[in-house]
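Have a look at the structure below, then the notes.
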Amino acid sequence: MTEIRAKASGRLAALSCGVAALLTAGAARADETCQSPYMAKITGIEDFVYVWTLGVEGLGDGSDKLVTVDAREGSATFGKPIHAASVGGRHEAHHGGFTDDRRQFWAAGLSDSRIFIFDVATDPAQPRLVKVIDDFIQKSGGAAGPHGAYALPGRMLIPSLSNKDGTGRAALVEYSNDGDYIATHWLPTDAAPNGARIEAKADGYGYDARVLPRRNVMLTSSFTGLENYMRPLGALMKDGEAMKRFGETMVLWDFHARQPRTVLHVPGVPLEIRWAWGPHHSYAFTTTALTAKIWLVHEDANGAWQASAVADIGDPAALPVPVDISLSADDRTLFVDTFMDGTTRVFDVSDPHRPKQIYEKKIGAQLNMVSQSWDGKRIYYTSSLLANWDKAGADNEQFLKAYTWDGRALAPRFAIDFTAERLGRPHMMAFGAASLFTN
């Protein structure tokens, strides 16, 4: 079963002082390879998969909800939804994350900038909503569209996608684990670079934010503003002016100072960021949604950071639209999901400068998120991108699908039809384990 590596007592001091040792030991353990290195980690097999789910009018209660799926093999309810914690209403459920002690899960709504905080420690099988942050825009000074939550020691880092006027100037917003506002750090623009060196342009857009503590660097990526991401995709793609308003940059930050250092030019909308875990691997991968390329951001021999396109994903001309990625714990394989063709592709990235595709599988009519266990043996997929961007008709498949991966092929474990279960549109996933909260 599972066991906790870091205990609650003295946890913050131990994590703050020991993260570098944890990452350089080469044997760091975690439940999902994409999680913050500051989090308490599951070792072993996850008990639950939490799915942050968009509500659909007329389907169940019609509200966004955090759904618990039983991942315990041998359980009478294995592979089935066993609980749903509704938040009331539809808020464009999107990304979220655990606090560093994993006692809370913070889930964000893009449409009205609300953040929903769930207690997962009291009963990990049945998380319950305990707090709603409904003044994110006011407290942050105008940031809007909270895009998930990333654990820092005693804090949560909330990247925004937009601002209160909808144009897309984004920020990083910090809260305490108790839900109290701390600070706002605006992304650099051409007009306000805030000391950053700009390669080509600084557009100010935001999306993901990830930290490599060993090198004291944080990397952010870029998407588009609220006026774009809340529009129906078909109408948006026909609007030539609107299509110009997408991100082309990634920002490298001095993490401790929260100071932008370099604005890298990465055209094509760079989305999810995944740092390598190896003790001497100072690089990260992202993919660009509109140009279907894998990009590598790396530190060169002179200590400078560079970004370069290193591989195509499928046929870029066909606009497969890469969305989520997952890097294995040994830094050797990268899973890449493409939304339009519903396909997952696996790349050998043991040489990060020369990725080679080694496998692909169509998962469904549409495909979004991928979550990988630390041992690389279990892979989970969900289907929904955004309410107005999901496909229609028979292609509007809404699922959680679980597979095993043996290094050569995916084999089905279980699948849940979220429409048939009247749960909604499943977006992001996170793993849970009861043993995290037992002595």
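Within the set of pairs 6 or more residues apart or between chains, which connect a residue that is modelled with pLDDT of 80 or more and assigned to a loop (DSSP other than H, G, I, E, B) inside the range 30-50 to a residue that is open to solvent by 10 Å² or more (accessible area, probe 1.4 Å) and acidic (Asp, Glu) with Cβ atoms less than 9 Å apart?
Met39/Asp101; Ala40/Asp101; Ile45/Glu73; Ile45/Asp375
Go through the range 104-119 and give me each residue that's within 22 Å of Arg210 (Cβ to Cβ) and either surrounded by fewer than 23 Cβ atoms within 10 Å (Cβ to Cβ) or aliphatic (A, V, I, L, M) (or both).
Result: Ala107, Ala108, Leu110, Ile115, Ile117.
Could you run through the range 309-329 and say how many residues are within 18 Å of Thr224 (Cβ to Cβ) and over 18 Å from the mean Cα position of the chain (by Cα)?
Matching residues across the range 309-329 total 1.
Being assigned to a strand (DSSP E or B), within 18 Å of Ala415 (Cβ to Cβ) and open to solvent by 10 Å² or more (accessible area, probe 1.4 Å): is that true of Tyr381 here?
Considered against the rule, which asks whether it is assigned to a strand (DSSP E or B), within 18 Å of Ala415 (Cβ to Cβ) and open to solvent by 10 Å² or more (accessible area, probe 1.4 Å), Tyr381 comes out as no.
The conditions are (1) closer than 20 Å to Ile115 by Cβ; (2) open to solvent by less than 10 Å² (accessible area, probe 1.4 Å); (3) of a type outside the set (Phe, Trp, Tyr); (4) outside any strand (DSSP E or B), and Val173 fails exactly one of them. Which is it?
(4)
Are any residues in the range 271-303 at pLDDT 95 or above and either part of a loop (DSSP other than H, G, I, E, B) or farther than 18 Å from Val349 by Cα (or both), and if so, which ones?
Once the filter is applied, which keeps residues that are at pLDDT 95 or above and either part of a loop (DSSP other than H, G, I, E, B) or farther than 18 Å from Val349 by Cα (or both), the range 271-303 yields Leu271, Glu272, Ile273, Ala276, His281, Ser282, Ala289, Leu290, Thr291, Ala292.
Hey, can you tell me all the residues within the range 176-203 that are among the acidic types (Asp, Glu) and not in a loop (DSSP other than H, G, I, E, B)?
Asp203
Among Thr167, Thr220, which is more than 19 Å from Gly109 (Cβ to Cβ), at pLDDT below 95 and not aromatic (Phe, Trp, Tyr)?
Sole residue among the options that is more than 19 Å from Gly109 (Cβ to Cβ), at pLDDT below 95 and not aromatic (Phe, Trp, Tyr): Thr167.
Which residue pairs have Cβ atoms under 6 Å apart, sit 6 or more places apart or on different chains, and have a first residue in the range 395-424 that is within 15 Å of Thr53 (Cβ to Cβ) and free of Cβ contacts under 8 Å to residues at least 24 places away in the same chain and a second that is part of a strand (DSSP E or B) and not acidic (Asp, Glu)?
Once the first residue is within 15 Å of Thr53 (Cβ to Cβ) and free of Cβ contacts under 8 Å to residues at least 24 places away in the same chain and sits in the range 395-424, its partners that are part of a strand (DSSP E or B) and not acidic (Asp, Glu) give Asp417/Phe399.
Any idea which of Gln259, Gln306 is touching a residue at least 60 places away in the same chain (Cβ under 8 Å), over 21 Å from the mean Cα position of the chain (by Cα) and surrounded by fewer than 22 Cβ atoms within 10 Å (Cβ to Cβ)?
Only one candidate qualifies: Gln259.
Could you grab me the full set of residues in the range 71-129 that are small (Gly, Ala, Ser) and either outside any loop (DSSP other than H, G, I, E, B) or within 23 Å of Ala40 (Cβ to Cβ) (or both)?
The answer is Ala71, Ala84, Ala85, Ser86, Ala93, Gly96, Gly97, Ala107, Ala108, Gly109, Ala121, Ala125.
The values are calculated or read from the model by the stated rules, or taken from the named source; none is laboratory data. Computed from a predicted model, the values in this text were never measured in an experiment. Reconstructed Cβ throughout: ideal geometry from the backbone, glycine too, with neighbour counts over all protein chains shown. Just the protein is used for accessible areas: all its heavy atoms, side chains included, with ligands, DNA and RNA removed. Shrake-Rupley method; radii C 1.70, N 1.55, O 1.52, S 1.80 Å.
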